[in-house]
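J.: Below is a structure I'd like to ask you about.
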Amino acid sequence: MSSEIILSIITGGIFFLLSAFIILFVIIYQKKQRLFFQEKQHMQSTFQNTLLQTRLEIQEETFKTISQEIHDNIGQSLSFVKLNLNTIDDRVPPDIKEKLLESKDLLSKSIQDLRDIARSLNPDFISEIGLHAAIEQQLLLLEKTGQYKTSFVISGEFYKNNNQRELVVFRIVQELLNNIVKHAEASEVNILMHYKAEQLEITVQDNGKGFNTSAMQSTENNNGLGLRNMLNRMTLINGFITINSKPNEGTTAIIELPKAQAPGP
Amino acid sequence: MKSIIIFLDGLAPLIPIFYILKFKKKGVLKELIFLFVFLVLQFIFNTIANVLSYYPFSNYFVYHIGLPVSFLALLFFLNGSRGIIYYSKIQFIIGLCLFFIFILNSLFFEKIITFNSISYSLCSLYILTVCMKYFWLKANTNGTNEILKEPYFWFISSFFIYYCSSFIAFSSYHYFIKYNDQSAGIVWRFHNVMFLVMCILISKGVKLKHLCQAKSFFL
């Protein structure tokens, strides 16, 4: 009888050990699987960031090239044209003289506009003058069109951010202003730069026709593509952007850039 | 209870057989044809052996015929799913060699008047190596799939539990018969319970196989 019990215990023990082996195997396998997925996710996120960073670098390089081309070629050519116009004899008939003066004015304005565009495209220039001066210049350009009333307020204790992070923020502000010009039908544009203790907050506000933000979140069309691009770029520099808008109530975009100097692009 | 356990090895294969036939239309039977043959053979030979045990003549010859035939079906099943369970061609050839060894053993060594303990033990060892290789390779590769949702994990686990636990029953059968008939009965009943466990695990695998088929159909 006792040998039967011993035998039962042994056989039961064998079954228990085998089951334990399989359970242990499943646990090890699942742990490995979890690690593998985590690693994969990390690699994906690193890849996305690198891709975005490269895209931004290429974009900045392109802007720089265009800016140099405008300044060195088109700008120079227009300056020569202006010089030639200045050398035309004053003793021309009055109607031609008037047209000449008009042309000179238009030319001067075009040269100035081109210079402004070249500056706003040049990343070195933006780094040189700083973020708020660059934004202010953008608002001045808007103001010059005569269609917009602008205001620019800076509050809080100023601190300098990393040049690359400032450049990304500036491009986003530029895109927001560009959207206002293209779609908002606004007459007022206000920008508030608030240097908080923990982050820089930039509010870009207009009194335009606004839009339904839910349409922007749709992935079916390209409505939300611009916002997603802006969001991706902000994520790259550890920042965030929120857009609030309602039809006929204008649009407010809030850019948040944490002060913490996490490794940026 | 005792008589139920005695008949377990004959009845248990009916569970996975039922599931394979249930999902026949989903292509499961075609995919698992050799496993199905293995289970049917197990059902037939075990039932015959159990019935014969009530008559005054030996049923050992059933085991001598049943082992090589069902082992062959199992070999083809493993070979058919080589890519999924890491079963190599060499393993298959070794398996075929074993098949002939089983026949030779029945003809010249452990003849049909006795239980073919060596053949069963060798069969167990062989299946164990296949299972261990599977577990080893699975544990050392990056798992992209949920292991508990893989049908072959359940199949291999079922073979592993049954053949590993039955190895003692197979290898020590002569010893128990010689010295203690009652112990042999206990070991054999334990073997039958393990056989039921194997069939339940195979059924789980078949059910998952059906789900996999349905998934790939919809994808």
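Read-outs throughout are calculated quantities, based only on the coordinates presented, and are distinct from any laboratory measurement. All figures in this text were calculated on a predicted structure; none of them were measured in a lab. Backbone-built Cβ (ideal geometry, glycine too); neighbour counts: all protein chains shown.
J.: Using each residue's phi in the range A:183-188, evaluate 6.51 cos²θ - 1.76 cosθ + 1.60 at θ = phi - 60° and report the 3J(HN,Hα) Karplus result to the nearest Hz, with x for Gly and Pro.
T.: So the Karplus estimates, Gly and Pro as x, are 10, 6, 6, 9, 10, 10 Hz.
J.: Can you list the lysines whose alpha carbon is less than 21 Å from that of B:LYS209, not counting same-chain residues fewer than 8 positions off?
T.: B:LYS22, B:LYS24, B:LYS25, B:LYS26, B:LYS30, B:LYS138, B:LYS149
J.: Continuing with this model, one more query. Under unit Cβ charges (Lys, Arg +1; Asp, Glu -1), what dipole magnitude, rounded to 20 debye, does the protein assembly as shown have relative to its Cα centre?
T.: Using Cβ point charges on Lys, Arg, Asp and Glu, the protein assembly as shown gives about 2660 debye.
J.: What does DSSP give for chain A in terms of the percent of beta bridges that are antiparallel, rounded to the nearest 5?
T.: Around 70 percent antiparallel, to the nearest 5.
J.: Would you kindly calculate the translational diffusion coefficient of the protein assembly as shown, applying Stokes-Einstein with the Kirkwood radius from alpha carbon pairs, for 4 °C and a viscosity of 1.567 mPa s, and quote it in µm² s⁻¹ without decimals?
T.: Numbers: Rh = 30.2 Å.
So the translational diffusion coefficient is about 43 µm²/s.
J.: Give, in whole angstrom and from largest to smallest, the semi-axes √(5λ) of the equivalent ellipsoid of the range A:48-121, with λ running over the eigenvalues of the Cα gyration tensor.
T.: Ellipsoid semi-axes (Å, largest first): 40, 10, 6.
J.: Which of the lysines could a cross-linker span from B:LYS111 if the Cα-Cα distance has to be under 25 Å and same-chain partners fewer than 8 positions apart are dropped?
T.: Answer for B:LYS111, where 25 Å is the Cα cut-off: B:LYS178, listed by chain and number.
J.: Averaged across the residues of A:15-22, what count of C-beta atoms belonging to other chains lies within 10 Å of each residue's C-beta? List each step's numbers first, then the result.
T.: Numbers: counts 7, 0, 2, 9, 4, 0, 6, 10.
Per residue, the average neighbour count from other chains is 5.
J.: With charges set only on the Cβ (+1 for Lys and Arg, -1 for Asp and Glu), what does the dipole of chain A come to about its Cα centre, in debye to the nearest 20?
T.: Computed charge dipole of chain A: roughly 640 debye.
J.: Work out the charge dipole of the range A:37-153 with +1 on the Cβ of Lys and Arg and -1 on the Cβ of Asp and Glu about the Cα centre, then indicate which of A:LEU114, A:ILE126, A:GLN38 is farthest towards its positive end.
T.: Comparing the listed Cα positions along the dipole, A:LEU114 ranks first.
J.: May I ask for the equivalent-ellipsoid semi-axes of the range A:1-58, computed as the square root of five times each C-alpha gyration tensor eigenvalue and listed largest first in whole Å?
T.: 55, 4, 4
J.: Which distance in Å, rounded to a whole number, links the C-alpha centroids of the range B:31-50 and the range A:93-132?
T.: So the separation of the two Cα centres works out to 91 Å.
J.: Starting from the Cα of A:LYS109, draw a straight line to each of the lysines and keep only those under 25 Å, dropping any in the same chain fewer than 8 residues away.
T.: Hits, sequence-local ones excluded: A:LYS64, A:LYS82, A:LYS97, A:LYS99, A:LYS144, A:LYS149, A:LYS182.
J.: Add -39500 (n - 2.57) for each DSSP H run of 4 or more in the protein assembly as shown, then divide by its residues: what number comes out at 222 nm, to the nearest 500 deg cm²/dmol?
T.: Dividing the helical sum by the residues of the protein assembly as shown leaves -23500 deg cm²/dmol.
J.: Reported to two decimal places, what Rg/Rh ratio describes the range B:1-112 when computed on Cα atoms with Rh from the Kirkwood expression?
T.: Working: Rg = 16.0 Å, Rh = 15.5 Å.
That ratio equals 1.03.
J.: Is there a simple number for the mean count of other chain Cβ atoms within 10 Å of the Cβ of residues in A:37-44, and what is it?
T.: On the way: counts 3, 0, 1, 2, 0, 0, 0, 0.
That works out to 1 on average.
J.: Cβ neighbours within 10 Å, averaged per peptide: list A:56-67, A:97-108 in order, most packed at the top. Don't jump to the answer; show the numbers that get you there.
T.: Values: A:56-67: 14.8, A:97-108: 12.4.
Result, highest mean Cβ count within 10 Å first: A:56-67, A:97-108.
J.: For A:GLU201, what is the net charge nearby, where nearby means another residue's Cβ is under 12 Å from its Cβ and Lys, Arg count +1, Asp, Glu -1?
T.: Taking every other residue near A:GLU201 into account, the sum is 0.
J.: Taking neighbour Cβ counts within 10 Å as the exposure measure, how do B:TYR54, B:TYR86 sort from fewest upward?
T.: Going from least to most buried by this count: B:TYR54, B:TYR86.
J.: Also: Residues with beta-carbon under 14 Å from that of A:GLN30, excluding A:GLN30: net charge, scoring Lys, Arg +1 and Asp, Glu -1? Please report the intermediate quantities before stating the final value.
T.: Numbers: positive: A:LYS31, A:LYS32, A:ARG34, B:LYS138, B:LYS149; negative: B:GLU146, B:GLU150.
Cβ neighbours under 14 Å give a net charge of +3.
J.: Here's another thing I want to ask about it. What is the fewest-to-most order of A:THR87, B:THR141 by other Cβ atoms lying within 10 Å of their Cβ?
T.: A:THR87, B:THR141
J.: Now for a different question. Other chains near B:159-169: what is the mean number of their Cβ atoms within 10 Å of each residue's Cβ?
T.: So the per-residue partner count for this stretch is 3.
J.: Using a 10 Å cut-off around each Cβ, can you sort A:LEU192, A:LEU7 from fewest to most neighbouring Cβ atoms?
T.: Working: A:LEU192 16, A:LEU7 20.
In increasing order of surrounding Cβ atoms, one gets A:LEU192, A:LEU7.
J.: Hey, if you put +1 on the Cβ of every Lys and Arg and -1 on every Asp and Glu Cβ in the range B:91-219, which of B:PHE170, B:TYR152, B:PHE190 ends up farthest toward the positive end of that dipole?
T.: Final value for the positive-end residue is B:TYR152.
J.: I've got another one for you. Calculate, in whole percent, how much of the Cα-Cα pair population of chain B lies beyond 32 Å.
T.: The calculated P(r) of chain B puts 18 percent of pairs beyond 32 Å.
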